[in-house]
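Worksheet for the structure shown next.
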Amino acid sequence: MKLVNNIEIPAIGYGTWQTPNDQTTVLGVTKAIEAGYRHIDTAAVYGNETAIGRALKQSSVDRESLFVASKVWNTERGYEKTKKAFRKTLQDLQLDYLDLYLIHWPAAGHQFRNWQELNLYTWRALEELCSEGLVKSIGVSNFLPHHLQPLIDAAEIKPMVNQIEYHPGFRQQQTVDFCRINDIIVEGWSPLGTGRLLENQSLQDIATKYNKTVAQLCIRWALQNEVIPLPKSITPNRIIENFEVWGFEIDKADMQTIDKMKDIGSSGLDPDKVNF
Ligand code: A2P
């Protein structure tokens, strides 16, 4: 898939939320790269950037062939703080540039009267980092259309990515449609519903038809809907399994069945209500 600036973004990312800052993550990232993942997604708040940095350093794959993404945390909003947070992220990852840097959550009206301004100040830092070449592409995460619109209106460089919760039973179609219209690529966090979908009987029945696991079905479903899934696993055989999603296609009827599923296991984290 290509971002609006013509940079190629690998279609599946290795998610690292809730992976610890230790050897488990070093091994997980190493395994993921061996299995073929070229896109690693982290965030300052995950607290694992130094472990990821170690894995990247040890990897025999060229830096240019990897796509590394991170996010600025909510406590670091604003121009100066974001720039400082970025420097720490880069240092912890032992890199000299990032492929993608995102605002992790929007400042929203329930917490800030000047939320639009605050998002814009944070964005100005991202724009500058992008112009300086320290980050190749910039975007946001967990932004709904009403958070995105004022940012798009004021931006010099428009957001290229929006990373949102996305899995069967929670596909946020309004936000996805809004992103499409505005040339924003959608990435999906928790593509397996943080594991909550794996026992779902309807998904199991469909997966069995294709001789695949529910995890593979969920990942493939996101891909066919042109969303970049970011499955997380620290288990070697699951890391491999989650990348083996290329040799089959979910047919139209099954896509529609999955598209229409009622909420089955969303996180409940509403950007207009979260208290972090
Ligand atoms: P683990 O990391 O212990 O392997 P999501 O990507 O939606 O956030 O889901 C992540 C959760 O799903 C983690 O608990 C992860 O466990 C588990 N998981 C990831 N891939 C698979 C898989 N292929 N089969 C079963 N569980 C999986």
- Query: Quick one: residue 187 ticks every box in (1) charged (D, E, K, R); (2) under 30 Å from residue 257 (Cβ atoms); (3) in a helix (DSSP H, G or I) bar one, so which box is it?
  - Reply: (3)
- Query: Going by the conditions given, is residue 185 under 20 Å from residue 119 (Cβ atoms), free of Cβ contacts under 8 Å to residues at least 40 places away in the same chain, among the β-branched types (Val, Ile, Thr) and surrounded by fewer than 23 Cβ atoms within 10 Å (Cβ to Cβ)?
  - Reply: no
- Those residues of region 161-182 which are in contact (Cβ under 8 Å) with a residue 12 or more places away in the chain, of a type in the set (A, V, I, L, M) and surrounded by fewer than 22 Cβ atoms within 10 Å (Cβ to Cβ) amount to 176
- Go through region 195-232 and give me each residue that's more than 22 Å from the chain's Cα centre (by Cα), of a type in the set (D, E, K, R) and within 12 Å of the ligand (Cβ to nearest atom). 199, 212
- Message: Among the numbered criteria (1) over 30 Å from residue 182 (Cβ atoms); (2) modelled with pLDDT of 95 or more, which one does residue 19 miss?
- Response: (2)
- Item | The listed residue being touching a residue at least 40 places away in the same chain (Cβ under 8 Å), within 16 Å of the ligand (Cβ to nearest atom) and among the hydroxyl-bearing types (Ser, Thr, Tyr), out of 16, 82 | 16
- Note on the structure: Only unsatisfied item for residue 5, checking (1) assigned to a loop (DSSP other than H, G, I, E, B); (2) in contact (Cβ under 8 Å) with a residue 60 or more places away in the chain; (3) of a type outside the set (A, V, I, L, M); (4) within 16 Å of the ligand (Cβ to nearest atom), is (4)
- Find all pairs meeting these conditions: Cβ atoms under 7 angstrom apart; at least six residues apart or on different chains; first residue within region 247-276 and among the acidic types (Asp, Glu); second residue in a helix (DSSP H, G or I). 254/206
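The values are calculated or read from the model by the stated rules, or taken from the named source; none is laboratory data. Everything numeric here is computed off the predicted structure, so don't read it as measured data. A quick note on method: Cβ atoms are made from the backbone with ideal geometry, for glycine too, and the neighbour counts reach across all protein chains shown.
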